[in-house]
1. Can you tell which of 351, 360, 289, 337 is touching a strand residue (DSSP E or B) at 6+ places or on another chain (Cβ under 6 Å), open to solvent by 70 Å² or more (accessible area, probe 1.4 Å) and among the charged types (D, E, K, R)?
2. Within segment 134-156, is even one residue within 13 Å of ligand 2 (Cβ to nearest atom) and either at pLDDT below 95 or under 20 Å from the mean Cα position of the chain (by Cα) (or both)?
3. Which one of these does residue 192 not meet: (1) more than 27 Å from residue 301 (Cβ to Cβ); (2) within 8 Å of ligand 2 (Cβ to nearest atom); (3) not hydroxyl-bearing (Ser, Thr, Tyr)?
4. Cβ-Cβ distance below 6 Å, separation of 6 or more or different chains: which pairs start in segment 206-224 with a residue that is not assigned by TED's automatic domain parsing to the domain that holds residue 311 and end on one that is of a type in the set (A, V, I, L, M) and crowded, with 18+ Cβ neighbours inside 10 Å?
5. Is there any pair linking a residue in segment 368-384 that is within 16 Å of residue 303 (Cα to Cα) to one that is of a type in the set (Asp, Glu) and surrounded by 15 or more Cβ atoms within 10 Å (Cβ to Cβ), with Cβ under 7 Å and at least six apart or on different chains, and which?
6. How many residues are closer than 14 Å to residue 302 by Cα, more than 16 Å from ligand 5 (Cβ to nearest atom) and either touching a Cys at 6+ places or on another chain (Cβ under 6 Å) or open to solvent by less than 60 Å² (accessible area, probe 1.4 Å) (or both) when one looks only at segment 224-249?
7. May I ask you to say which residue of 116, 106 is modelled with pLDDT of 95 or more, open to solvent by less than 50 Å² (accessible area, probe 1.4 Å) and out of contact with any strand residue (DSSP E or B) (no Cβ under 8 Å at 6 or more places or on another chain)?
8. Give me the residue from segment 250-282 that is assigned to a strand (DSSP E or B) and surrounded by 17 or more Cβ atoms within 10 Å (Cβ to Cβ) and, out of that set, nearest to ligand 4 (Cβ to nearest atom).
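The values are calculated or read from the model by the stated rules, or taken from the named source; none is laboratory data. In this text the structure is predicted, and so the values were computed from the model without any measurement. Cβ sites come from the backbone with ideal geometry, for glycine too, and all protein chains shown count toward neighbours. The area values use the complete protein model at the heavy-atom level, side chains included, leaving out ligands, DNA and RNA. Shrake-Rupley method; radii C 1.70, N 1.55, O 1.52, S 1.80 Å.
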Amino acid sequence: MDIDLEDNMKLRITRWFVGLGTALYLTSPAFAADTSVQHVEAKACKQCHEEIYQQWAGSMHANSSALKDPIHGAFYKNVIGDPTAEGVKTKKGTYPVCLKCHAPVAAMEGKTKLDAKPAYADGISCTTCHSFAKFKGTDAANGKPLYGIDAYELDPKSLYGPSGITYTTERVPEGAQWPTPVHHPVPLQGNRADLFKSNDACMGCHEKRSNFHGTPLCRTGNEYRMAKNFVSCQACHMSIVTVPKIKDGKVVDGEFVSIPDHSMAGGHDGKMITRGLAMTMQTERDGDKLRATITVRNRLPHAYPTGAPFRNFFIRIATYDKDGKQLWKNYKVHPIKDDPQAAFWLTLGDKEGKPTIPPKATQILKDSRLAPNEVRTLKYEIPFTGATTIVRAEALYDLMLPPIKAKMKGKLPDELLTPKLAASAEVRL
Ligand code: HEC
Ligand code: HEC
Ligand code: HEC
Ligand code: HEC
Ligand code: HEC
């Protein structure tokens, strides 16, 4: 069959025009020229991008401010201060750097009272990412790091996207076709494919971060470069998903839309964490011993786990009898204490070389997380009795390290403190 590409394009654009309809003009959110686009709330985009809105609303981006993310909120109050007070400064008397990534609109305006404006509490909103006009990189000429909003040029007057389509805020006639530009209620330019379809859209906030002492706490970007990979962050974190169409909060029967997934799942998502880790196990009997070899492989172009320095996972290996009663386990309290080879974590240290918390760290003592695509082998000699029938290894992912979890008990919802199963391997004898 012959496909006329130009006609195909006209058809797509016509569909958008038709999709818009007259009603939308009447109810379109007003964009007042005297405020910046960063203050247009996500709610204003919901009306036409309902499916994307729903994904975003459940994401850590929508919940990134100290008012909404209980974990970040607890750290922020501890290290910086009250997120509902104005004029908050760090111990060094500087503006709290956290806000440049976690509450970007407040940071653009040099404010710290996050409940003062909806756009401050909204965290990383539609109009934060979509007003990126340029990525400047994360190193300033003077060698200082550029974090979050400092790494981008944010346009106060226009939104941007990747499609290559031209938009106008003018009303366009009913049934209009190409070359009439597509109507968009908020100024929008579809000419930033380079930025939005590449890691540049993420690296401003995800590349790296060091604490006051210059100790690196997050290095996802460095890890990725070390992997010499060219798959974009979006390929995994914004894969194209087909979801039911939603209109006015209700699913439209039998209609679907395909969109780049704006839920951008990571460590908080029990399913996402299973995608990166492949674990296998082999066992061999040797008298009253069982020799087990466990292999774990990181399938990702960044560390597993990556991101915040307290993310970690550990491997529980245990034997059971035929009724499922546990006979032996590789640790008593936690592998970090009892079986270090089974603990995958970043150990931050102070000047004396003692383990410490992120704000106080002056060095990295040890990094036992899996490097990009690393394969690691763990060997065990396990006591074997006539009753031993099952050997089971489980990789368990934790958002925080045990000492932090102990402090947060009762202050955070249990589900954030419970390790999640990332991979398992089982041998039945
Ligand atoms: C963390 C940054 C980020 C946030 C927050 C964000 N987006 Fe996006 N958005 C992107 C990127 C990157 C793309 C391009 C994805 C691609 O083409 O690979 C995109 C693509 C889109 C597209 C084009 C969809 C298509 O079919 O190609 C629309 C529409 C969109 N976003 C709307 C929104 C709305 C509405 C919100 C808020 C509810 C939002 N975005 C929040 C980064 C973001
Ligand atoms: C009145 C309906 C309407 C509203 C409200 C609306 N949009 Fe759109 N938007 C559209 C249509 C139609 C398109 C073109 C087709 C598509 O990609 O879905 C579009 C496209 C986009 C794109 C893709 C840009 C590209 O590369 O072509 C982005 C990004 C976007 N909108 C962001 C937003 C954001 C952010 C808001 C809220 C501030 C918003 N839109 C509000 C109707 C709307
Ligand atoms: C303006 C800064 C900013 C930009 C740009 C940004 N992010 Fe984020 N992202 C954050 C912050 C801050 C968090 C942590 C929120 C929290 O947990 O409090 C986060 C969290 C995440 C998470 C972890 C979710 C979880 O479950 O813990 C993933 C995955 C992620 N972002 C992917 C992306 C991708 C992919 C892009 C590019 C398309 C991107 N981000 C762009 C700031 C940003
Ligand atoms: C091949 C797929 C893939 C690619 C490419 C990829 N990631 Fe991931 N990413 C994952 C998976 C799976 C996880 C969950 C396991 C983990 O946390 O390591 C994850 C986790 C994350 C997290 C969550 C960390 C946390 O604290 O919860 C962030 C942030 C992140 N990735 C950022 C990025 C960025 C930025 C890029 C691009 C430079 C990228 N990823 C590229 C698959 C990918
Ligand atoms: C360069 C951008 C950036 C800066 C600056 C920054 N963060 Fe983050 N933060 C992130 C990103 C991105 C994530 C989520 C993904 C990950 O784990 O890397 C995150 C995650 C976190 C988390 C984990 C949240 C959760 O839900 O598990 C905490 C806690 C946190 N940050 C605290 C802080 C504090 C406190 C500051 C200031 C002292 C700060 N961050 C400064 C980018 C930043």
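1. Numbers: 351 fails: touching a strand residue (DSSP E or B) at 6+ places or on another chain (Cβ under 6 Å); 360 fails: touching a strand residue (DSSP E or B) at 6+ places or on another chain (Cβ under 6 Å); 337 fails: touching a strand residue (DSSP E or B) at 6+ places or on another chain (Cβ under 6 Å).
Only one candidate passes the filter, namely 289.
2. Checked segment 134-156: no residue is within 13 Å of ligand 2 (Cβ to nearest atom) and either at pLDDT below 95 or under 20 Å from the mean Cα position of the chain (by Cα) (or both).
3. (1)
4. 209/217; 211/217; 215/361; 221/203; 223/303
5. Every condition considered, the pairs that remain are 372/223.
6. Residues meeting the conditions: 4.
7. Numbers: 116 fails: open to solvent by less than 50 Å² (accessible area, probe 1.4 Å).
Of 116, 106, the one residue that is modelled with pLDDT of 95 or more, open to solvent by less than 50 Å² (accessible area, probe 1.4 Å) and out of contact with any strand residue (DSSP E or B) (no Cβ under 8 Å at 6 or more places or on another chain) is 106.
8. Narrowing segment 250-282 to residues assigned to a strand (DSSP E or B): 250-260, 277-282.
Filter once more, keeping what is surrounded by 17 or more Cβ atoms within 10 Å (Cβ to Cβ): 277, 279, 281.
Values: 277: 7, 279: 14, 281: 21 Å.
This residue is 277.
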